[in-house]
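> Pasting a structure here, questions to come.
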Amino acid sequence: MRSHARPVGGMKIGSTLPSGHMQPADTAIEVLRQLGGRRPPIAILTGAGISAGSGLATFRGNGGLWEGHRVEDVATPGAFDRNPELVHRFYNERRAKLQSQDVTPNAAHTALARLEAMWPADVTIITQNVDDLHERASSTSIIHMHGELMQIRHAQTGETRAWKDHCDGTTLDGHWRPHIVWFGEAILEPDRIEACLRSAGLFLCIGTAGQVYPAAGFVHDVAGPSVEFNLDPTSITDAFTHAWHGPAVDTVPEFVDGLVDAGD
Ligand code: OAD
């Protein structure tokens, strides 16, 4: 990471360090300085980029395809109406991948769990990801705004239950669908998300392209410093007070260590 990751705007607010020598831990110290003695609740938005280091595919940057499928063929209510077998098969394959031995939480996931354990105020993860890697890393305060791969939902009643076996469209009387927010559908738990953002005094955004709203606008809802962690600059980078560009498995643990160690 050290040769690739670079701070962008990392020194915007009153820093004296030369940016060429900056590390994510320095940004953490800068953030703490901006917070004064306060240790406010932290809101963290995560996207597909945080799970890229665990071998899971991101959504964009691949010709608009997701694992070889057009998104509109597998991730819209219309797609499910037209071809439930294909949609179930697609999500069954994603579940199999998620459950394979080579997919485990990476250092960025575990760093966020460490932050939750060590920080004196609430640390809440608002994730666009439908995987369960934050849970497996031992984070406990997680809002899955786009649903959960390992759950299914009754199309009429909204009841959710753990996915246990392959769904093929006729499973459980045919009324069950993946517990996934598809294009054109409303996000889950909007009130809890709004309360989390309103009470937070620090916002971290990790591995999201910033192209899907409302998540792309969350940075404007938190009063306080904000840090973007992404492989590359995004369309919303300028909205953050600090940004680090490099693999999340490198930048996030270093930042968290700086925040927690300096906060002792
Ligand atoms: P995207 O696939 O759109 O973007 C992934 C982001 O992660 C990109 O900005 C990459 O640069 C960045 N990235 C990739 N590898 C990284 C790494 N190792 N470290 C840090 N960053 C990395 O995924 P999202 O922004 O999460 O919604 O997509 C948002 C939503 O769009 C998804 O939740 C999904 C999709 O439509 C629904 O399914 C409702």
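> What ranking, highest mean first, results for peptides 81-89, 219-227, 124-132 when packing means the other Cβ atoms within 10 Å averaged over each residue?
Listed from highest to lowest mean packing, they are 124-132, 219-227, 81-89.
> Using only the alpha carbons, work out the radius of gyration and Dmax of segment 224-264 in angstrom.
11.0, 35
> Next question, about the same structure. Please work out the Cα convex hull volume for segment 15-144 and give it in Å³ per residue.
144 Å³
> Which number do you get for Rg(Cα) / (2.2 N^0.38 Å) in segment 93-209?
1.17
> Related question: For a quick check: sort 203, 90, 183 by the number of other beta carbons within 10 angstrom, fewest at the front.
In increasing order of surrounding Cβ atoms, one gets 183, 90, 203.
> Two decimals is fine: what is log10 I(q)/I(0) at q = 0.28 Å⁻¹ for segment 193-258, from a Debye sum with one equal scatterer on every Cα and no solvent?
-1.29
> Sticking with this structure for a sec: Going by C-beta contacts inside 10 Å, put 179, 242, 69 in order with the fewest on the left.
Going from least to most buried by this count: 69, 179, 242.
> To the nearest µm²/s, what D does Stokes-Einstein give for the chain at 25 °C and 0.890 mPa s, using the Kirkwood radius over alpha carbon pairs as Rh?
The Stokes-Einstein estimate is 128 µm²/s.
Every number in this text was worked out from the coordinates using simple rules, so none of it is lab data. Bear in mind the structure is a predicted one, so any value in this text is a computation, not a measurement. Here the Cβ is made from the backbone with ideal geometry for all residues, glycine too, and neighbour counts use every protein chain on show.
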